[in-house]
Amino acid sequence: MLYDLTSTYFEGEAKRNPQARRGHSRDHRPDCKQICVGLAVSTEGYPLGYEVFAGNTHDIYTVKPMIETMEKRWGKAGRIWVMDRGMVSDDVLAWMRAGGRRYLVATHKSELKKYEALLKTPEGWQRLKNGVELCRATGPAAPSNDTVLLVKSEDR
C-alpha cells in the first residue's frame, strides 16, 4: 500500500477550519494557511483511505495515525507499506517493526555511508533494466535485521 502526503492551501483566512495552519507548503505558498492530506492507495492505484491533518503537521507524525486508521478499517492484512524518505524516522520504523508491519521506505542519503564499500563493488548487483541495478544487503550492515535494497541508476 502506497502512503503519501500532500497539502492544499486556502486563499483567505480559513477561520472556521481549525486544521488550517501555516506549514511547509508543497505549493510554494507559505503566505497561506493549508491542510495536509494523507492518502493510502492499493497496488493498482485505487484510493483505500485518507486522513486530513493540520497544515503544520510534519510527514513523520502522520504515519502512525494513518496506519492505525487503515488497520482499524480494513484489519492488519499482510500489506507492505511503501513510503518516501519524508515519512522515515527511527521511531516510526521501530513502531512498525514492533507491530509486525512490513515496509519499503526510501532512506536519507546520509545513511548510504554505511554501505559505501558495497556500493563500490561490482559483486552482488543485478541489472533490473537499462541503467538500473539492485543489490540486497542484510545482516550486520542492515539496521535491526532489515533487508536493505540498494539501487543504482545511471540516469540519477
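The values are calculated or read from the model by the stated rules, or taken from the named source; none is laboratory data. Because the structure is a prediction, the values reported are computed rather than measured. Ideal geometry is used to build each Cβ from the backbone, glycine not excepted, and the neighbour counts take in all protein chains shown. Please note that ligands, DNA and RNA were not included when accessible areas were found on the heavy atoms of the full protein model with its side chains. Shrake-Rupley method; radii C 1.70, N 1.55, O 1.52, S 1.80 Å.
Carbon and sulfur: what percent of the chain's accessible surface (1.4 Å probe)?
The computed percentage sits at 52.
Placing pseudo-labels 7 Å out from each Cα toward the beta carbon at D90 and L134 gives an inter-label distance of 2.9 nm.
I'd like the FRET efficiency for L119 and L39, computed as 1/(1 + (r/R0)^6) with the beta carbon distance as r and R0 of 30 Å, rounded to 0.05. Walk me through the numbers before you get to the answer.
Working: r = 33 Å, r/R0 = 1.09.
So, using R0 = 30 Å, E works out to roughly 0.35.
With one equal scatterer per alpha carbon and no solvent term, the Debye-computed log10 I(q)/I(0) for the range 30-82 at 0.17, 0.26, 0.30, 0.31 1/Å reads -0.57, -1.10, -1.30, -1.34. Just for the chain, what percent of DSSP beta bridges are antiparallel, to the closest 5? Of all bridge pairs located within the chain, approximately 85 percent are antiparallel. Loop-located trypsin sites (Lys or Arg not before Pro) across the range 35-89 with a Cβ neighbour count of 13 or fewer within 10 Å are K76, with loop assigned by DSSP. Inverting the pair-averaged 1/r between distinct Cα atoms of the range 1-58 gives 11.8 Å as its Kirkwood hydrodynamic radius. In the chain, helical runs assigned H by DSSP with n ≥ 4 each contribute -39500 (n - 2.57); averaged across all residues and rounded to the nearest 500, the mean residue ellipticity at 222 nm is -5500 deg cm²/dmol. Principal axis extents of the C-alpha atoms in the range 49-114 (largest first, rounded to whole Å): 39, 31, 16.
Modelled spin labels at V151 and Y50, positioned 7 Å past Cα toward Cβ, are 2.6 nm from each other. Starting from the range 76-156, pick out the chymotrypsin sites (Phe, Trp or Tyr not before Pro) whose DSSP state is loop and whose Cβ has at most 16 other Cβ atoms within 10 Å. Sparse-neighbourhood loop chymotrypsin sites (Phe, Trp or Tyr not before Pro): W125.
Charge tally around Y103: other residues with Cβ under 10 Å, Lys/Arg +1 each, Asp/Glu -1 each, net +3. Please give every one of the lysines within straight-line cross-link reach of K129, meaning a C-alpha to C-alpha distance under 29 Å, and leave out same-chain neighbours fewer than 8 residues apart. Excluding near neighbours in sequence, the set is K109, K113, K114, K120, K152. Looking at the range 57-149, the GluC sites (Glu not before Pro) that sit in a DSSP loop and have at most 13 other Cβ atoms within 10 Å of their own Cβ are E123.
What net charge do the residues around G75 carry, taking every other residue with its C-beta under 13 Å from that of G75, with Lys and Arg at +1 and Asp and Glu at -1? Computed value for this residue: +3. Taking a straight Cα-Cα cut-off under 13 Å and skipping sequence neighbours fewer than 8 places away in the same chain, the aspartates and glutamates within cross-link reach of K76 are E68.
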